[in-house]
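Here is the structure we will look at, set down as structure tokens.
The values are calculated or read from the model by the stated rules, or taken from the named source; none is laboratory data. Just so you know, these numbers come straight off a predicted model, no measurement behind them. Cβ coordinates were reconstructed from backbone atoms using ideal geometry, including for glycine residues, and neighbour counts include every protein chain displayed. Just so you know, the surface numbers come from the protein's heavy atoms only, side chains and all, with ligands and any DNA or RNA stripped out. Shrake-Rupley method; radii C 1.70, N 1.55, O 1.52, S 1.80 Å.
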There are 2 protein chains.
Amino acid sequence: MRYRLYYWSAIPGRGEPIRLALEDAGAPYDDVARLPASQGGGDAAVARVLTAKNGLRPFAPPVLEAGSLRLAQAAHILHWLAPRIGRAPAGERARLAAHQIQLTITDLWAEVHDTHHPIAVGLYYEDQKAEAKRRAQHLRDERLPKFLGWFEHAVKGPYVFGRTASYVDLSLFQTIAGLRYAFPRAMNALARTLPKLEALHDRVRERPRLAAYLASDRRLAFNQDGIFRHYDELDAPLARSRRSRSS
Amino acid sequence: MRYRLYYWSAIPGRGEPIRLALEDAGAPYDDVARLPASQGGGDAAVARVLTAKNGLRPFAPPVLEAGSLRLAQAAHILHWLAPRIGRAPAGERARLAAHQIQLTITDLWAEVHDTHHPIAVGLYYEDQKAEAKRRAQHLRDERLPKFLGWFEHAVKGPYVFGRTASYVDLSLFQTIAGLRYAFPRAMNALARTLPKLEALHDRVRERPRLAAYLASDRRLAFNQDGIFRHYDELDAPLARSRRSRSS
């Protein structure tokens with residue numbers, strides 16, 4: 001089975017957790033928007049799949065096609081895909097837990113996105129910068145400790161489900177990497193509270209297929225158009241969080 | 001199997017889509033927080049399940065327990081529960097589509113929540129009222145037409161999947177009811193563009209078990225502590241949306 005992934009060509013975004021799973025598994029896939037237009041690629045291909053006439057039209061990318069099946073919603077795609085490419089944990093209970101964790105990662109990413117777009121996705125950052133500063137402070141001081149502390153607690157072995165990596169580990173790697181890009185000072189302040197996640201991040205990065213992918217031009221760098229963006233004024237070393245967490 | 005649902009006792013919130021599925025199916029369940037404290041009820045029971053020592057600790061309610069299985073994340077709970085109580089659509093493809101739609105309902109609810117809490121869940125509405133007005137305008141004018149138009153497009157028969165109701169229909173009923181409570185003027189302006197959803201809402205409300213539930217004291221009314229809140233200053237008749245949608 002050769003999979004077809006549809007996601008915007010210039011940002012890692014919500015497509016990247018799916019790319020990481022496919023790459024780590026060595027599964028064959030086309031990252032359709034990154035194919036040349038002559039082969040049906042480009043962002044126009046994403047726009048086309050969003051207006052598909054057959055079946056349920058996706059609300060937003062990422063979209064995965066497998067034969068005649070078309071799925072949207074990143075966590076949903078991974079829940080379906082991972083067992084087929086050997087990147088789901090073993091057993092039904094663990095697969096249910098994996099999806100639950102992935103949906104919580106999804107929730108965190110939505111909150112991270114809203115730090116730079118607290119008012120509207122349709123407005124520029126510059127038009128909601130004052131609100132962004134307020135929201136980012138609460139993300140750093142309240143939400144990051146809560147989410148990351150919960151993920152830290154969920155890690156059972158070297159990986160979340162023990163000795164074998166799953167798509168959840170790959171998504172947590174991307175989460176930590178993205179947060180370090182966006183909020184380096186806040187993440188530096190939190191690092192000592194997250195020893196398992198820090199180790200997991202490094203362990204994932206050194207997996208042979210992942211390392212090869214990360215060094216390739218298939219890997220898209222974090223940038224100022226994605227979910228994880230670095231605006232210096234939205235980052236701070238978390239001085240307030242220690243106070244609020246101990247109160 | 002008698003299910004145990006854990007959700008805050010004073011708001012319909014993200015617990016209600018699960019209550020609606022259980023009620024419409026006539027499935028036996030305890031709404032644990034609404035039991036007397038002498039029977040282990042009260043909101044303290046929700047707080048206890050969030051700090052459970054065994055297995056994956058839930059990040060947030062709702063939580064469903066079925067025997068020794070414990071699940072969190074409303075859409076995840078419904079994807080697991082619905083086939084067991086006869087409220088999933090028939091066939092694997094339709095069940096995947098149902099989960100995809102439910103996750104999109106989840107996304108809309110998060111955006112609705114953020115209209116009254118655009119900066120931080122930990123702050124009062126009054127402390128983020130100016131931002132709330134800006135965000136609510138964009139929800140009304142851009143996001144509601146986009147989400148609701150997508151749901152409208154997804155309805156194939158009298159119900160989303162044709163002649164038989166599924167949990168997705170029950171959740172769309174709650175979505176329409178909640179939006180009418182929160183944004184009556186905006187929803188009134190949108191009604192003519194949503195004939196299938198309007199009919200689906202009425203059809204669900206008249207289902208015998210649902211009608212009995214809605215008339216009972218088990219049904220919690222929308223109020224100013226839930227996801228769907230009515231603040232008059234956040235509602236408007238959508239005059240701007242027609243302009244932006246046609247541009």
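Brief remarks on what is shown
- Some residue of segment B:30-40 being under 27 Å from B:T175 (Cα atoms), at pLDDT 95 or above and buried (at least 22 other Cβ atoms within 10 Å of the Cβ): yes
- Looking across segment A:160-184, the residues that are open to solvent by less than 20 Å² (accessible area, probe 1.4 Å) and not small (G, A, S) come down to A:V160, A:Y167, A:V168, A:D169, A:L170, A:L172, A:F173, A:Q174, A:T175, A:I176, A:L179, A:F183.
- Residues of segment A:188-203 classified as open to solvent by less than 60 Å² (accessible area, probe 1.4 Å) and either in contact (Cβ under 8 Å) with a residue 40 or more places away in the chain or farther than 19 Å from A:I227 by Cβ (or both), total: 10
- Taken over segment A:111-133, the criterion of being open to solvent by less than 40 Å² (accessible area, probe 1.4 Å) and either part of a helix (DSSP H, G or I) or not aliphatic (A, V, I, L, M) (or both) is satisfied by A:E111, A:V112, A:H113, A:D114, A:T115, A:H116, A:H117, A:P118, A:Y125, A:Q128, A:E131, A:A132.
- Within segment A:71-88, considering residues that are open to solvent by 30 Å² or more (accessible area, probe 1.4 Å) and of a type outside the set (K, R), the one farthest from B:D107 (Cα to Cα): A:G86
- Flag if B:S68 is within 13 Å of chain A (Cβ to nearest Cβ) and either surrounded by fewer than 22 Cβ atoms within 10 Å (Cβ to Cβ) or more than 24 Å from B:L210 (Cβ to Cβ) (or both): yes
- Restricting attention to segment B:41-61, the residues that are within 26 Å of the chain's Cα centre (by Cα) and either surrounded by fewer than 17 Cβ atoms within 10 Å (Cβ to Cβ) or within 14 Å of another protein chain (Cβ to nearest Cβ) (or both) total 13.
- Selection within segment A:77-109 - at the interface with chain B (Cβ under 8 Å from one of its Cβ atoms) and either under 13 Å from the mean Cα position of the chain (by Cα) or polar (S, T, N, Q) (or both): A:Q100, A:I101, A:L103, A:T104, A:D107
- Matching residues, segment A:146-159, being open to solvent by less than 50 Å² (accessible area, probe 1.4 Å) and within 12 Å of another protein chain (Cβ to nearest Cβ): A:F147, A:L148, A:G149, A:W150, A:F151, A:E152, A:A154, A:V155
- Test result for A:A154, closer than 19 Å to A:A88 by Cα and among the aliphatic types (A, V, I, L, M): yes
- Counted residues, segment B:171-191 - those being under 12 Å from B:W109 (Cβ atoms) and of a type in the set (A, V, I, L, M, F, W, C): 3
- Scanning segment A:14-33 for residues that are of a type in the set (A, V, I, L, M, F, W, C) and farther than 23 Å from A:P208 by Cα turns up at least one hit.
- Test: residue in segment A:176-184 that is small (G, A, S), more than 14 Å from chain B (Cβ to nearest Cβ) and under 16 Å from A:A88 (Cα atoms): no
- Residue match in segment B:114-136 (condition: among the charged types (D, E, K, R), within 30 Å of A:K53 (Cα to Cα) and more than 8 Å from every other protein chain (Cβ to nearest Cβ)): no
- Residues in segment B:30-60 that are in contact with a Phe, Trp or Tyr (Cβ under 8 Å, 6 or more places away or on another chain) and closer than 15 Å to B:L220 by Cβ: B:D31, B:V32, B:A33, B:D43, B:V46.
- The condition (being farther than 30 Å from B:D114 by Cβ and in contact with an Asp or Glu (Cβ under 7 Å, 6 or more places away or on another chain)) is satisfied by just one residue among A:R163, A:R207, A:R203: A:R207.
- Being open to solvent by less than 80 Å² (accessible area, probe 1.4 Å) and either modelled with pLDDT under 95 or closer than 19 Å to A:L20 by Cβ (or both) is a property that A:L214 has.
- Test for B:L108: is it over 28 Å from B:A189 (Cα atoms), assigned to a helix (DSSP H, G or I), among the hydrophobic types (A, V, I, L, M, F, W, C) and open to solvent by less than 20 Å² (accessible area, probe 1.4 Å): no
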